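Below is one structure, written out as structure tokens, with a few remarks after it.
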Amino acid sequence: VLDRQSRRLKKLTEDLVEASKASTGNIHCSLACTDIVELVQQAVGEYEEKLAASQLEAIISAPENEIVYGLVDGNLMWRVMSNLLSNACKYSQPNTRVYIQVKQNADQVFVTVKNISRDQLNIDPDELMERFVRGDSSRSTEGSGLGLSISKDLTQLQGGEFQVVIDGDLFKAVVSFPVKRAELKAEKTIGEPGDLSQDVGLEEEI
């Protein structure tokens, strides 16, 4: 019990530090033309075992034969996706699917993550994105209640928008960023999958 509680305290401390940095903008942000579909695929690949352990199937949908570029920081965007996938693993109804959709219009790129909640979502979406708030009052053993708040702050730090929509037991998070067309020939900056899975320089910046 002590070991479990100490690990929870360590994670809470790390989340508090990151939440503070994200809300104050005290995190390095380097925007670049990034292949959003590749980034999403890598994030889902990193969570493959956790999704399977939670009896969840990830379904990715994206434009065929078209690379979708977004003007984002690859590491910060990976952190946003990591928070959303972690949230899905913790709180989704088992034996359901998690849908991750990438699409774009003339001005923006959208990444939507949808899952069915295991518990009743008896909360307003805006309140859910506040700090230390969980979707159901019975959730007392997992999470710090900071994940969505951090994701929102990190998204805004990159000049994007973060929105949560609740429809019954359906949870939907929509992340949008300015589009970056391939013909602009900006250099995309996605490293190897291992590079993207690093927390946002947390240990180095403390």
Just by accessible area at a 1.4 angstrom probe, what is the order of S117, S86 from largest to smallest? S86, S117
Need one value: the accessible area of T112 in square angstrom, 1.4 angstrom probe, rounded to the nearest 10. 10
Spacing of the two label points (7 Å from each Cα toward its C-beta) at D167 and K90, in nm: 2.5
At A52 and I67, where each label point lies 7 Å from the Cα along Cα→Cβ, what is the point-to-point distance in nanometres? 3.0
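The values are calculated or read from the model by the stated rules, or taken from the named source; none is laboratory data. This structure is a prediction, so every number in the text was calculated from the model and none was measured. Because the Cβ atoms are built from the backbone with ideal geometry, glycine has one as well, and the counts that use them run over all protein chains shown. With ligands, DNA and RNA removed, areas are computed over all heavy atoms of the protein, side chains included. Shrake-Rupley method; radii C 1.70, N 1.55, O 1.52, S 1.80 Å.
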